[in-house]
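Take a look at the structure below.
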Amino acid sequence: MYSRIRSAVCSGIEGREVFVETDITRGLPSVNVVGLASTTVMESKERIKNAIINSGFEYPRLRVTINLIPAELKKNSSCLDLPMAMGILVSEMKEYPEELNEFAVIGELTLDGRINSVRGGLPMLMDIKNRGIEKVIVPGRNVPEAVMAGISEIYAASKLRDAMEILLNPMGRDLFRKSAGDLKKEEQDNAYDLDFKDVNGQENAKRAVMIAAAGRHGLLMVGSPGCGKTMLAGRIPSIMPPMSEREITETAVIRSLAGPAASLSSPVRPFRHPHHTIGRAGLLGGGANIALPGEITLAHNGVLFLDEICEFDRHNIDGLRIPLEEKRISHFRKGETYTYPCDFQLVMASNPCPCGYFGDKEKECTCSQADIERYQNKLSGPIMDRIDMKISMERVTYTQLIAKGGGMSSYDMRRSLQRAHAFSGSMGRNGYNSDLTSSEMDKHCRLGSSEKNFMKSAYEALSMSPRSYTRTLRVARSIADLGESIEIKEEHLAEALSYRLQ
């Protein structure tokens with residue numbers, strides 16, 4: 001008998017509809033899977049066989065053919081285990097359940113018939129929803145993704161027998177039905193535990209961080225060990241504006257690719273802090289057969305913090321050049337193109353030298369000049385040119401360390417940023433200043449005669465490139481926004497230039 005079950009797979013960050021056709025005919029006992037199935041899907045034959053037998057069903061001793069449609073789409077996920085197993089069981093029935101056409105099914109099977117969650121459930125379920133399907137059978141841990149996709153009838157199955165019960169027994173479905181009310185309500189207020197008020201003695205650095213967050217400018221912090229670089233970076237998400245609905249959805253899709261989670265719709269912006277030993281695929285994304293998202297994609301709409309940046313592999317860091325400009329990265333694997341977004345706030349931190357104390361007022365540096373130059377040259381010129389702001393941080397004194405109050409808190413900084421963004425919006429700018437196009441800069445970054453002369457002198461004296469000149473104007477625009485100034489003034493330009501000189 002023939003059966004047809006609707007399912008889906010992921011291709012990059014998009015869900016793609018897949019139909020699992022199953023036909024059981026006379027012949028030698030065998031299972032043939034066709035339709036451009038990957039090794040993962042081909043291996044599922046043994047999982048499915050044992051899952052069916054261990055669930056108490058009879059496995060057919062006939063010729064089983066499974067066709068995955070569309071044939072030209074690469075199927076590379078274990079999420080097809082459950083629909084394939086259900087297809088075999090339905091094909092053995094004497095009467096075809098017509099209601100099967102109203103369901104979509106995803107899930108991975110274990111040998112004893114339990115159903116595991118799958119990666120990328122959200123984009124798959126969003127595609128299913130867009131095609132008008134309102135009934136889905138999913139693993140329990142993928143229920144939050146089905147809720148976020150807006151599907152009205154969600155049935156959570158923990159075992160293969162549960163999935164068949166949902167399909168064949170309409171009267172007992174309520175036992176498995178889930179809704180948004182069954183999930184724990186998430187806090188939509190500020191969910192950050194870290195606060196800038198805990199950072200003492202670095203008010204100038206806080207000011208620079210606030211400017212960087214206002215325009216989403218790349219930031220490099222250089223200072224002795226223990227001066228507070230990591231503390232500052234970890235608190236940046238606490239002052240960034242709340243995510244829009246679009247950003248929440250984008251971030252949830254990427255989180256889904258990393259693994260199912262109950263906090264998909266969390267308003268908390270991502271903060272990624274990879275170790276300096278990370279490989280190229282881990283940082284930028286990639287893989288042998290399919291390209292998985294890397295840290296730059298997992299940091300989309302949030303912060304990517306690269307601590308001890310001079311310890312990273314230089315080729316990996318140079319690989320950030322194009323993603324920083326284009327806000328996306330494409331990988332090519334076996335004829336398939338995988339494109340992932342990567343619009344993030346880049347924050348880097350470094351010691352000034354291998355021992356960490358070059359320029360320190362209290363402790364003497366033990367590095368040779370050659371060691372210092374070799375260490376600092378690990379950051380290439382093109383990368384440094386793409387970093388809008390660079391700050392040097394000094395050791396915190398004892399008096400500053402024990403001082404209580406007086407410094408900017410995350411609340412104060414967040415309020416300043418909110419006013420700056422409101423002012424920017426009132427001037428007709430809805431995005432970040434780091435993304436201003438040439439035409440937008442002509443409109444919003446116009447300079448007066450004295451400001452032009454000032455920048456002309458700076459351009460020639462500092463041997464600036466056109467890119468560094470443009471980025472300086474964008475930083476100056478962010479500084480002006482914080483001061484709610486329509487025009488960019490000399491003091492704004494001077495402060496912006498100071499962050500390129502340090």
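The values are calculated or read from the model by the stated rules, or taken from the named source; none is laboratory data. On a predicted model such as this, the values are computed, not experimentally measured, just so you know. Glycine also receives a Cβ, built like all others from the backbone with ideal geometry; neighbour counts cover every protein chain displayed. Accessible surface is based on the protein model in full, side chains and every heavy atom, while ligands, DNA and RNA are left aside. Shrake-Rupley method; radii C 1.70, N 1.55, O 1.52, S 1.80 Å.
Within the straight-line cut-off of under 13 Å between alpha carbons, the aspartates and glutamates reachable from K404 are D198, sequence neighbours fewer than 8 places apart in one chain being disregarded. Against the chain, whose longest principal axis comes from its Cα atoms, helix 81-91 is set at around 20 degrees. Positive contributions from Lys and Arg (+1) and negative ones from Asp and Glu (-1), summed over other residues with Cβ under 11 Å from the Cβ of S44, come out at 0. When the chain is described by a simple charge dipole with +1 on each Lys and Arg Cβ and -1 on each Asp and Glu Cβ, the residue from Y338, S158, T399 located farthest towards its positive end is Y338.
Enter the Cα centre distance for the pair the stretch 228-261 and the stretch 299-353, rounded to the nearest angstrom. Using only Cα atoms to place each centre, the spacing works out to 16 Å. Tell me, how many Å apart are the Cα centres for the stretch 391-445 and for the stretch 76-145? Cα centroid of the stretch 391-445 versus Cα centroid of the stretch 76-145: 47 Å apart. The GluC sites (Glu not before Pro) of the stretch 399-502 that DSSP puts in a loop, and whose beta carbon has at most 14 other beta carbons within 10 Å, are E484, E487.
DSSP beta bridges fully contained in the stretch 108-224 are about 55 percent antiparallel. Could you work out how far helix 449-461 tilts from the main Cα principal axis of the chain, as a 0 to 90 degree angle to the nearest 10? The two axes meet at around 80 degrees.
Under the criterion of Cα pairs below 8 Å and six or more residues apart, the relative contact order for the chain equals 13 percent. Volume per residue for the stretch 297-454 equals 214 cubic angstrom (convex hull of Cα atoms).
Placing R0 at 41 angstrom, the Cβ-Cβ distance between R61 and S330 gives a FRET efficiency of 0.30 after rounding to 0.05. Counting only alpha carbon atoms, the long axis of helix 410-426 and the longest principal axis of the chain meet at about 90°.
Annotation note: trypsin sites (Lys or Arg not before Pro) in the stretch 92-169 located in DSSP loop regions with a Cβ neighbour count of at most 12 within 10 Å are K94, R131.
Ligands, DNA and RNA are left out, and with a 1.4 angstrom probe the accessible area of the chain is 46 Å² per residue. As a quick test, which of the pairs K229/K390; K45/K178; K45/K129 have an alpha carbon distance above 20 angstrom in this structure? Result: K45/K178; K45/K129 exceed 20 Å. Three principal axis extents describe the C-alpha atoms of the stretch 106-232; from largest down they are 67, 32, 24 Å. Per atom type, the chain shows carbon and sulfur on 50% of its accessible surface, probed at 1.4 Å. Think of it as helices only: each DSSP H run of n ≥ 4 in the chain is worth -39500 (n - 2.57), and spread over all residues that comes to -11000 deg cm²/dmol at 222 nm. Sparsely packed loop sites in the stretch 29-79 (the GluC sites (Glu not before Pro) outside DSSP H, G, I, E and B with at most 10 other Cβ atoms within 10 Å) comprise E58, E72. Only alpha carbons enter this Debye calculation for the stretch 1-126, each as an equal point scatterer, and the log10 of I(q)/I(0) it gives at q = 0.09, 0.20, 0.21 Å⁻¹ is -0.22, -1.15, -1.27.
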